[in-house]
Amino acid sequence: MSFSKILIANRGEIACRVIRTARKLGYQTVAVYSDADQAAPHVRLADEAVHIGASAAADSYLRVEGLLEAARKTGADAVHPGYGFLSENAGFAQACLDAGLVFIGPPPSAMLAMGDKALAKRRMLAAGVPCAPGYLGEQQDDASLTQEALKLGFPLLVKAVAGGGGRGMRLVRAADEIAQALLGARREAQSAFGDGTLMLERLIDNGRHIEIQVFADAHGNAVYLGERDCTAQRRRQKVIEEAPSPVVNARMREAMGRDAVAAALAVGYRGAGTVEFIVDADLKHYFLEMNTRLQVEHPVTEMVTGFDLVEWQLRVAAGFALPVLQADVRLTGHAIEARLYVEDPYAGFAPQTGTVRWWRPQQALFDGVRIDDGIEEGAEISPFYDPMVAKVIAHGHDREDAIRRLRAALANAPLLGLRNNGRFLSDLLNHPAFRAAAMTTTMIDQWQDSGEALLQRPVPDDAAWCIAAAAFALQNGANWRADSVAAFDIPLRCDEVARTLRVEPDRHGQVRVTIEGQTHRVRILRFTQGELHFEVDDVTRRVVAVLQQGALHMALAGASFVFSEVSPFPGKDAVQDVRQARSPVAGKLTQIKVAVGDAVVDGQALLCVEAMKMEMWLSAQTAGTVTAVHALVGDQVESGAVLVEIEPEAKKEA
């Protein structure tokens, strides 16, 4: 089972992560890339790289033959699947073995047994492991699934039997939601994993999501490496993970670990795996599934154990025994991981596309902090893949120490150019529910419905507006030291807010900026791309700021703001036109519910755009008649593109 060159059948941060450890151990690496990833960091980081297809995952990273051909071209003799894509596809694992390649993961038989969530639950039930009530999908037609859903009762989850990461999963709380949930889950699962098979599971409300990291070798050894608490989730997608869990004691850890190891041994498991449990209010655990791959959140386990899990994967795949026994495993301190997504938490977590204007994670790499990423400045974030672009991880002496370090790291490594969840993550870490370890898997979703302050868009304070006004004045060449320079107005916009500020230079090298009747003394000390040093009312500060293409991107208090000068001649799209339904993001048009001539009502669903594995429905903003549909199902559309036009119905006279 020896090998020397590893093809990484993945992209982004996990590809970079695997390449770094492989290089440390002396292995050569091969990256693969799609059209959209031609200039991605993982391509340059590897020793060799092979183009495997078009931007859509189905045309590149999910093409088994293309991946095998890349291995043949480069002489790679092993394949690491990363996570997502084909990482839990037994057919891909078997194809690698048939091609004479070492598959760095579990045997296909174990993947079939545990990678299929329904089959895994059957095995666990047979072994006496407690499982949440559900229907394991013997019949896949909508009528049968609907009937079984009604038997189970609500709330329940519609789940894809393949894959993971919350993809192909829908929460159903009432009978009238079943049909749409089945349709959406099946389509998303087929797109993400190439398998649209579904199962049903009764939701344990207000539960905690706790998983056990297991590792097994080919010599009959298996260990568990503690647990990870992944309860902070949004729409079944993990947001923050930590190790150890703040609610698990030593006795509970041992019991869950023993069950997890037994499950792995029962299917002849080998390599890294994760057994996931849902824990109810009484701390009783129920088996959810086993992920037959490395997890996104594996760094927190690495930080509390001191083990490199990718190194373990490579050594086990090469035939070596595990380097430790269970008695040798020690958990030290506390680690927390925050997933940085290019999505807007204050607009329904809509995914974002565009250019990375500033990203310098090395500025946050102080003691106990680790950042895994796969992006760089100037990169274009496309709509084809997952919106997670980086993971920020902190290790501390205890949980409070880890929280403090992680919040500091998020503030010191801002991502500018695209809306992202950096400030949301920092606020969540500081939320009383998180601090008290009182989160549940549905709490963030409930906050969306209740208008929780955490999900209200941050607004810049007056000082930030004054700094922006001074920065624009400096950019425009105002000579503040000249007595002849008169006061002038600068109209600025940030998000949907527009304000006009009065700027008045003085002979002392500073300006007085008046906003809403209040005057502040502002001095720009130094402004280079990325660093803005300033003084406001005798207090000196420094922020990350970038001025590009007429927009000032500024990071303040963990949030990112974009200021721009307001043109005296607003464009035709300055005010939203209710007659035009525009795509909220760049993505693929997957459904169209209307046609020319159809009458629609205000709020009616018109079409669905999929971007970064998330479906977004576009609704009518007025009642009227559809006069035009400008795209077809399957089309790639740009953000802001007009997709449907509606002639509003004539208002009736009183």
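Where a number appears in this text, it was derived from the coordinates with a stated rule and is not lab data. Computed from a prediction, not measured in an experiment: that's the story for all the values here. Every residue, glycine among them, receives a Cβ derived from its backbone with ideal geometry; neighbour counts consider all protein chains shown.
Per residue of the chain, what 222 nm ellipticity follows from adding -39500 (n - 2.57) for every DSSP H run with n ≥ 4, rounded to the nearest 500?
Computed mean residue ellipticity for the chain: -7500 deg cm²/dmol.
Would you list, by chain and number, the aspartates and glutamates whose Cα falls below 15 Å from the Cα of Lys121, excluding same-chain residues fewer than 8 positions away?
Within the straight-line limit of under 15 Å, Lys121 reaches these aspartates and glutamates: Glu138, Glu201, Asp259, Glu276, Glu289.
Report the one residue of Ala143, Met612, Leu182 whose Cα lies farthest in the direction of the positive end of the charge dipole of the chain (charges on C-beta: Lys and Arg +1, Asp and Glu -1; origin at the Cα centre).
Toward the positive end, the furthest listed residue is Met612.
Using modelled backbone amide H atoms (1.01 Å from N, in-plane), which distant-in-sequence or interchain residues come within less than 5 Å of Leu501's amide H?
Ile490, Leu492
Find the relative contact order for the chain and round it to a whole percent, using C-alpha pairs within less than 8 Å whose residues are 6+ positions apart.
Rounded, it is 9 percent for the chain.
How would you rank 228-236, 516-524, highest first, on the average number of other Cβ atoms within 10 Å across their residues?
228-236, 516-524
In whole Hz, what ³J(HN,Hα) sequence does the stretch 213-227 give by Karplus (6.51, -1.76, 1.60; θ = phi - 60°), x for Gly and Pro?
Karplus values, whole Hz, x for Gly and Pro: 7, 10, 9, 9, 10, 8, 10, x, 8, 8, 9, 10, 10, x, 10.
What share of the DSSP beta bridges in the chain is antiparallel, in percent to the nearest 5?
90
Here are some values of Kirkwood radius over Cα pairs in Å: [x] 26.7; [y] 26.0; [z] 28.7. Which one was computed from this structure?
[x]
Could you rank the peptides 137-149, 328-340 by their average count of other C-beta atoms within 10 Å per residue, with the highest value first?
Result, highest mean first: 328-340, 137-149.
What fraction of the Cα pairs in the stretch 208-455, stated in percent, has a spacing above 34 angstrom?
Looking at the stretch 208-455, the distances longer than 34 Å represent 17 percent of pairs.
Rounded to the nearest Å, what's the spacing between the alpha carbon centres of the stretch 582-634 and the stretch 1-38? Just the number, please.
39
Could you state the number of Å between the C-alpha centres of the stretch 74-113 and the stretch 246-263?
The distance from the Cα centre of the stretch 246-263 to that of the stretch 74-113 comes to 29 Å.
In µm²/s, what is D for the stretch 295-362 at 20 °C and 1.002 mPa s, where D = kT/(6 pi eta Rh) by Stokes-Einstein and Rh is the Kirkwood radius from Cα pairs?
138
Please tell me the relative contact order of the stretch 462-565 in percent, rounded to the nearest whole number, where contacts are Cα pairs under 8 Å and at least six residues apart.
This gives 21 percent for the stretch 462-565.
For Lys117, Lys588, Lys73, what's the fewest-to-most ordering of other Cβ within 10 Å of each Cβ?
Taking fewest neighbouring Cβ atoms as first place, the list is Lys73, Lys588, Lys117.
Suppose every K and R has +1 on its Cβ and every D and E has -1 on its Cβ; what is the size of the dipole of the chain about the Cα centre, in Debye to the nearest 20?
Taking the Cα centre of the chain as origin, the dipole is about 1040 debye.
Cut-off under 16 Å on the C-alpha distance; same-chain residues fewer than 8 positions from Lys73 excluded. Which aspartates and glutamates are left, in chain and number order?
Answer for Lys73, where 16 Å is the Cα cut-off: Asp47, Glu48, Glu65, listed by chain and number.
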